[in-house]
Every structure is written in structure tokens, then in C-alpha cells.
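S.K.: Sharing a structure below in C-alpha cells format, with a few things to ask.
Nothing in this text is a laboratory measurement; each read-out follows from the coordinates by a stated rule. In this text, all values refer to a predicted model and were calculated from it rather than measured experimentally. Please note: Cβ atoms are built from the backbone with ideal geometry, for glycine as well, and neighbour counts cover all protein chains shown.
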């Protein structure tokens, strides 16, 4: 019982990282930009989320505003990196897959460089600790699973319906979808394709940065150069898995985090199981299998995904 | 007459290099390092002595082999960023053979290990190729995921089946490969090993494959325009898979060479980022086997500088990874600017406007 409750509680808490990152990636892809650099942006966000609390109070309990400051800085720098990626793939119209790999290496390298020079080695922080919501957390089982998290978790879950509303119900969301589906038609109706794409990259980058900062502040509570460990790539894959729909992406994030948490929990609860590497592989194999059996979903995606738009080009 | 084109291209490249150096300088200043000293260490240290020069060369060998494979796959229209995982698989296969072949002659064991590494890497490259050709799975995602799978499998292998029984400290590592399975060093006191011959042979082989054979022609056609190639009767998915297998085999062989020539045993983190650096090298060498040779030398220098930076400066070696990412970003942007006829025309009008007018009068 402990095993089940623990696994589910951690799944609810840790799903936030993947969820926010892939929600941001969805904004990018809806506008037609395939941002493989998500991993790098998350890495920088994760580093900044650690840097502010660590440099101000060290390993001790940081007051709330310090953690929030780290979170905000991570988000802002994520948005900036998104814009830099925009310069490469929107203004220069570079191939997005390769540029994304460049962005990933740049982000991970940058975070590693600053980490080594400002923090040195692996250090842990207290981060944002979880709190129990009065009354609700006293409900047996469900109370522990759903109502023992920090406020940030609830805020993050709130972002799912918000993202859905923004992308499907607001004029800006309509423009984003138009730009990702048929940029030329959107252009002829007076939508500034370049501007909308830059905006969506800033939003996506901000969310990736937020996800990274959340990872260090609430989940890992430490930082090292490899901390993201492929979560950025899984976030990109989740967008395919969720067929570019916020609610489905949300469910996908829960599923994958469940797979990841399950394997760590098995390692803790069943220590006699020796070949734990095979459990660690599980989420990654799951991604491949899901993508392989989901081939139809490729056609549901934004029609202009990955295609640079050039206004001057003859059709 | 046409020299404005050349001037345009050269000035674009110069501006790009300046931007890369400037961003790098900003990072170095931010971590409190000395910019010129850092750059000077990166460039000058390899040429200090023959020994450090050979250190560059042994880093160049796996880079070159991997980049050749990536060039093949990229020319066929599939980007292989799974070289890291394919290299791990190659190391596992080569280690399994190299540590279990006592008593056999060297001339037999060394090629056997390299071939085993190539086969293991090729099989691991087959998976994303097949997934892309048959099930339309994006190779960018599948190869990255397979990297993590391979890394886990590798650490399992060196922790359990291939573990060195004599190792008591608990560090997972394989047994040292026997003398009959090592690539001997070429010069006394220098780390340069025979693997460089394999790299040179592969340059020639890949060049011939890409530009002088029907296979290579069909691969390049499939990469240039999939629809046109299909219309021309080329079985695109078949060549996609073949190119991925070749690419994986190259990475696997690079792993075997790294095992037998440098490390001598399989240890943790053995690929050391060669897989991703290989992508940068292939791009930097314009996906051409002959240009990849100087490109891999340049990145050998860069990777070797990680060691020197750690010893001689306060700049963390992770800087090199950030620089590599920066170089990719700048290369892809520069390629687009250079091949853009519109901006070239604008450049001509801006700086060569007079010549254009006189031309018109003559006409």
C-alpha cells in the first residue's frame, strides 16, 4: 500500500516538469517551430533555479521570495534563449532539427560552465518544501496523493486548462495555429507570421525554463550538468504522443512520469532486484514504442511544422 | 565580374566567426577568466610538443570515423544523433570479444573486434532507420531515446557480465583487453595508435561509396529530394535504412578503436560526448568526407583543450560543449545566409551598386 501511495504521490508532484516543458513545446510546434533545444533551455532554467537560493542562503532554508526569484529568473532566461533560437530558425530560416541540437548543446554547456565556476561541485538546497493542505490532506489515500504538494504544483496544473483556453479560445491562439498550419494564408490575411512565431518561441522557452527551475527547486533539490537527463527530449516526444492537444499531453506527462517514478520506487522497495538499469531504460523505450504505434498522429500535427516561412519566395 | 559573390561569402563567414568568438568571450568573462589567455591555450597547446599533438590526433580518430558515418546518413536525408548509443554498443561487442580471445594471433583478433563493434553499432543504427522508413518515427527522437537505452545497457554490462573480477573497489569496469587485442602505438612515448590507419581507410571508402557508386548516388538522391527520388524509381526506404546501418557501423567501429587504442578497458562515461561532437564535425566539414578530415582535426584541438583548460585556467571545461553548440547554431545560420540569393543581391546593390549601373550602360 505504501508503495502504491508513494508512487502515485510522487507521480503527481514530478509530472509537473514534463508537463510544463511539453506544454511550452506545444506552443512552439503549433506555430510551426520544432524546438529540439528544449533540453538546453531547461538546463539553463534548472541552473538559475538553483543559483539564486544557493548564493543567497546556501544549503539552508530559503525564504519563499528567494525561491520565487530563482523561478522567475529561470523563466525569463528561458524566454530569452527561445528568442535566440528564433533568430536562428525564423530570421535565418535554418533547418530546425540541427539547430535544435545546437541549442541543446549550447544550453547544457552553458549551464555546466556557470555551474562549475559559481557553485563548484554537487550541492543540495532545501528548495521549496511541500505543505499539507489543512482538511483535504486528511482524506485517507487520496488526501496524501493529491493534497500534500507545494503551491507551485497546483499552479502548474492550473496551466493546463489555461494553455487549452489560450490555444483554442483566444485570438492569439488562433493566430498561432494559423501560422503553424498555413503561414502563407495567415500572411495574406495580415497576420505577422514572424512576430507570432517569435512570441510562441518566447512562451515555449519561458515554460521550458520554468520546468527546469521547478526540477531543481521542488524535485531534485540539487543541480549537476546532466540533471535534465533527456527530459527535454521526452517533452518533445510527448507533444507527438499527445497529438498537439494540451489535455492529451497532460495525460501523457502523467503516464511517463508514472513509468519513471515506478522504476525509482522499485529500486527503493525491492533492493534485491539487481538489473535496475533495465528499469531505467523503461521510460525511454516506452517513448519509442508509443511513437511507433502512433504513426497516424504525425498527420494530425501542424501542417507547416518544421518548415521555415519566407515571404519573398515564389510559390 | 562575379567576385562580389566571393566577397559576400567570405564576409559572411568572417562575421560569423567574430560572433562566435565574441559570445565565447562573454561567457569566459562571465566566469572570471582571461579571454585571450584562454583562446591562446586552446590554440597553442596542441603544438607545444609532439606528445600533445598526438593527444589531438587520438581524439581526432573517433571524431573522424563517427563524422564520416553521420555524413552518409545526413546526405541520405536522415540525421543520426544516436552515434553516442551506437558507439556504446560497439564498445560492448568489442570488449566481449577482446577480453575472451586469449591465445589467438593479433592479426586475427584486432580485425574481429573492429568488425564486431561495427556490426553491433550497425544493428543499433538499423532500429531508428527501420522505424523511420516503415513507421515514420522521427529519427531525431528515436535516436536520442536509444542513446539513453544504450547508456543504461552499457552500464549494466560493465557492472555485471563484463565486470573485472579482480576489481575490488566496486568501480564498474571491464577487464583490461589482452595484448593481442590492443592497437599498438606508432611511436615510442606517444599515444598515437594504429587506429589512424582505419580512419584514413574509411575516409577513402566513404568517399568512394558516396560519390563513385550507384548506392551513394541513390542515397544522395533520396536525401536531396525524397519525392523526386521515389519518382525516379529509387527505393527510398531501403537506402534510408542502409545509410543508417552504415552510420551506426562507423560509430560502433569508433567505439572499438577507442577501446583498443586508448582506454584499454570499458569504463563509465567512455564515449565522452564523441557522438554529439561528431554531428558538429560532420556539419563543419560540409558533409564531405575530405573536408571532414580538417574539421575533425579542429575539433580534436577543441576537445583536447578541455584537459588544458582544467589544468591551466579557472575556466571550466564545459565551455567547450557550449562552444560546440554555438558553432552548430552559427553554421546552420551561415549556410542559409550564403545560399540566399536575395540577401546576396541586396549586398551587391549596397556595396557594388556602381558596377551594376555601368554594366547596364554597356548593355
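S.K.: Based on the mean of other beta carbon atoms within 10 Å per residue, what is the order of B:219-228, B:5-14, B:244-253, most packed first?
M.R.: Values: B:219-228: 17.3, B:5-14: 13.9, B:244-253: 31.5.
Per-residue Cβ counts within 10 Å, averaged per peptide and sorted highest first, yield B:244-253, B:219-228, B:5-14.
S.K.: Between the helical axis of B:83-98 and the dominant principal axis of chain B, each derived from Cα atoms, what acute angle in degrees is found, rounded to the nearest 10?
M.R.: Once rounded, the angle reads 30 degrees.
S.K.: While we're looking at this one, here's another question. Using a/c under 1.5 as the rounded threshold, could you call segment B:82-186 rounded, prolate or oblate? The axes a ≥ b ≥ c are square roots of the C-alpha gyration tensor eigenvalues, and prolate needs a/b larger than b/c, oblate otherwise.
M.R.: Verdict is oblate for segment B:82-186.
S.K.: Same structure, new question: Using Cβ contacts closer than 10 Å as the measure, can you line up A:244, B:130 from fewest to most?
M.R.: B:130, A:244
S.K.: Further question on the same structure: When Cβ neighbours within 10 Å are restricted to other protein chains, what is their mean count per residue of peptide A:197-205?
M.R.: Across the residues of A:197-205, the mean count of other-chain Cβ atoms within 10 Å is 0.
S.K.: If you count, for each residue, the other Cβ atoms within 10 Å and average over each peptide, how do A:212-219, B:259-266 line up from highest to lowest? List each step's numbers first, then the result.
M.R.: Working: A:212-219: 28.6, B:259-266: 22.1.
Ranked by mean Cβ neighbours within 10 Å, highest first: A:212-219, B:259-266.
S.K.: Right, something else. Normalising by the residue count of chain A, find the relative contact order in percent from Cα pairs under 8 Å and 6+ residues apart.
M.R.: Dividing the mean separation by the residue count of chain A yields 37 percent.
S.K.: Specify the inter-centroid distance of segment B:121-151 and segment A:247-294, based on alpha-carbon positions, in whole Å.
M.R.: Result: 18 Å between the Cα centres.
S.K.: Ignore the peptide's own chain and count Cβ atoms of other chains within 10 Å of each Cβ in B:275-286; give me the average, rounded. Could the numbers behind the result be given before it?
M.R.: Values: counts 0, 4, 1, 0, 4, 4, 0, 0, 3, 0, 0, 0.
So the per-residue partner count for this stretch is 1.
S.K.: Additional query: Which distance in Å, rounded to a whole number, links the C-alpha centroids of segment B:244-294 and segment B:189-237?
M.R.: A separation of 15 Å, based on Cα centres.
S.K.: Post the alpha-carbon centroid distance, segment A:13-89 to segment B:14-80, in whole angstrom.
M.R.: 28
S.K.: To continue, here is another question. What is segment A:160-301's relative contact order, in percent, from Cα pairs under 8 angstrom and six or more apart in sequence?
M.R.: 21
S.K.: Another question, if that's okay. Report the residue, chosen from A:276, A:154, A:284, that carries the largest GNM mean-square fluctuation when chain A is represented by alpha-carbon nodes joined by springs under 10 Å.
M.R.: Of A:276, A:154, A:284, the Gaussian network model singles out A:276 as fluctuating most.
S.K.: Under the rule a/c < 1.5 gives rounded, and otherwise a/b versus b/c splits prolate from oblate, where does segment A:185-315 land using the Cα gyration tensor?
M.R.: Verdict is prolate for segment A:185-315.
S.K.: Quick one: compute the contact order of chain B, relative version, from alpha carbon pairs under 8 angstrom and 6+ residues apart, as a percent.
M.R.: 32
S.K.: Once you order the gyration tensor axes a ≥ b ≥ c over the Cα atoms, which shape class does the protein assembly as shown get: rounded for a/c under 1.5, otherwise prolate or oblate by comparing a/b with b/c?
M.R.: Taking the square roots of the gyration eigenvalues as a ≥ b ≥ c, the protein assembly as shown is rounded.
S.K.: Could you work out [θ]222 nm for chain B from helices alone, using -39500 (n - 2.57) per DSSP H run of at least four and dividing by all its residues? Round to the nearest 500 deg cm²/dmol.
M.R.: Using -39500 (n - 2.57) per qualifying helix, the result is -25000 deg cm²/dmol.
S.K.: What ranking do A:176, B:31 get, fewest neighbouring Cβ atoms within 10 angstrom at the top?
M.R.: Final ranking by Cβ density, sparse to dense: B:31, A:176.
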